[in-house]
1. Could you give the size of the charge dipole of the stretch 180-239 about its Cα centre, using +1 on the Cβ of each K and R and -1 on the Cβ of each D and E, expressed in debye and rounded to the nearest 20?
2. Mean residue ellipticity at 222 nm from the helices of the chain, using -39,500 (n - 2.57) per DSSP H segment of n ≥ 4 over the full residue count, to the nearest 500 deg cm²/dmol?
3. Note down the relative contact order for the chain as a percent, whole number, built from C-alpha pairs under 8 angstrom at least six residues apart.
4. Any lysines with Cα under 27 Å of the LYS264 Cα? List them, leaving off those in the same chain fewer than 8 positions away.
5. About the Cα centre, and with charges only on the beta carbon of Lys, Arg (+1) and Asp, Glu (-1), how big is the dipole of the chain? Nearest 20 debye, please.
6. Rank GLY220, GLY210, GLY298 by mean-square fluctuation in a GNM of the chain with C-alpha springs under 10 angstrom and give only the top-ranked residue.
7. Using a Cα-Cα cut-off of under 26 Å, which lysines could be cross-linked to LYS114, ignoring same-chain neighbours fewer than 8 residues away?
8. Using the alpha carbons of the chain, what is the convex hull volume per residue in cubic angstrom, as a whole number?
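Every number here is computed from the coordinates shown, using simple stated rules; none is lab data. The model shown is predicted, which means the values in this text are computed figures rather than measured ones. Neighbour counts are summed over all protein chains in view; Cβ atoms, including those assigned to glycine, are modelled from backbone coordinates with ideal geometry.
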Amino acid sequence: MRRVTYWGFAWSVTERRVERQIHNDTGMNDSMEYTTLGRTGLKTSVAGLGCGGPSRLGMRNDSRSEKNAVALVRQALDLGINFLDTAESYGTEAVVGKAVAGVARDRFIISTKKTLLSPHHSNIEGEVKKGLEQSLKLLGTDYIDVYHLHGVEPKDYDFARDRLMPVMRRLREQGKIKFIGVTEGFVQDPSHQMLQQGLREDLWDVVMVGFNLLNPSARGSVFPMTQEKRVGVLNMFAVRRALSQPDRLKVILTDLRHAGVIPKNAMKGQDLIDFVLRESDATTLPEIAYRFCRHERGVDLVLTGTGNPEHLRANVEAILKPPLPGIVLQKLEEVFGDLDHLTGN
Ligand SMILES: NC(=O)c1ccc[n+]([C@@H]2O[C@H](COP(=O)([O-])OP(=O)(O)OC[C@H]3O[C@@H](n4cnc5c(N)ncnc54)[C@H](OP(=O)(O)O)[C@@H]3O)[C@@H](O)[C@H]2O)c1
């Protein structure tokens, strides 16, 4: 993995193109920051609402909580978030559809995803079209801003490119999709092999990448290519379990030390957590994790996934805070900078 120094990082922060705007006519909110999603030209909030992940808007373990989930999406819109990420497989497209009903269509960006089919499916084109029509219906819209292939692993890539991409292109020609994206299967592919191939071929307008302080490898292997080709970058896995539950992080650090993949003298779990909180103005580990991602050169938007309105408020606040101090970034780089196998689960 190519190592990028902290000083390179610091320089990138000042280069970042962020537009803080107040545009009542576009639905932008003066308490949010907006940026341009690569070559799509879409003006997106720097925080996006993830409607999947372990929480699925709070619906993963409680499917009766649809009303709360709709309220959470509306809370996100009120906070100035205009980017809503869902998927055919999450079971949250209908919730998003209900939450945005009555909101002018140009005030929010819908990102959704097609689950991969078997290469042996008898009607691949029909199945992709059927999936898209169902998503459009549930979301209550006649177009998707960014339509992704979902969780493409290296072994799926040729099939995705050769058989699914042409169908998506035809749907784009019909105006049902504005931009085509791909999301990686970060758990199976934490060193981004699929994206490295996909970006070399330059077929995708937007990519969704796993990036967090435990596995910053996209910095060397993905972001240089996305920036060169102006591909929009959505950051997933900013927090997950390891960075929302300090006890989980402590276990991971102990395992890493025993495996000899981090320096033997690296700080122990609680000491590291105490250090990053003491040396910064952050008050929680999730805040550290979101701020780490938000100010990474190459990340356009950080997705936050939650079922908890208070977490959503705090996470947006964190994403809008300044970069972490250099001493904290340096320490995180010393401990985790060379890792490319963790996910944060
Ligand atoms: N391959 C793919 O396409 C793919 C894979 C994974 C994710 N995604 C997308 O990326 C989005 C973001 O990923 P993610 O949902 O895993 O998000 P995340 O923001 O990295 O982590 C979410 C987890 O952290 C917890 N959490 C969030 N804020 C917290 C806080 N302030 N304090 C304590 N716990 C907190 C949540 O629980 P609570 O509900 O309790 O807050 C949830 O368990 C997903 O929603 C999905 O849209 C895509």
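1. Numbers: 4 positive and 6 negative charges, 32 e Å.
Using Cβ point charges on Lys, Arg, Asp and Glu, the stretch 180-239 gives about 160 debye.
2. Working: 13 runs with 132 residues, N = 345.
It lands at -11500 deg cm²/dmol.
3. 21 percent
4. LYS250, LYS331
5. Values: 46 positive and 43 negative charges, 44 e Å.
For this selection, approximately 220 debye.
6. GLY220
7. Straight-distance partners of LYS114: LYS43, LYS67, LYS98, LYS129, LYS130, LYS137, LYS155, LYS176, LYS178, LYS229.
8. Details: hull volume 45.2 nm³, N = 345.
Here the figure is 131 Å³ per residue.
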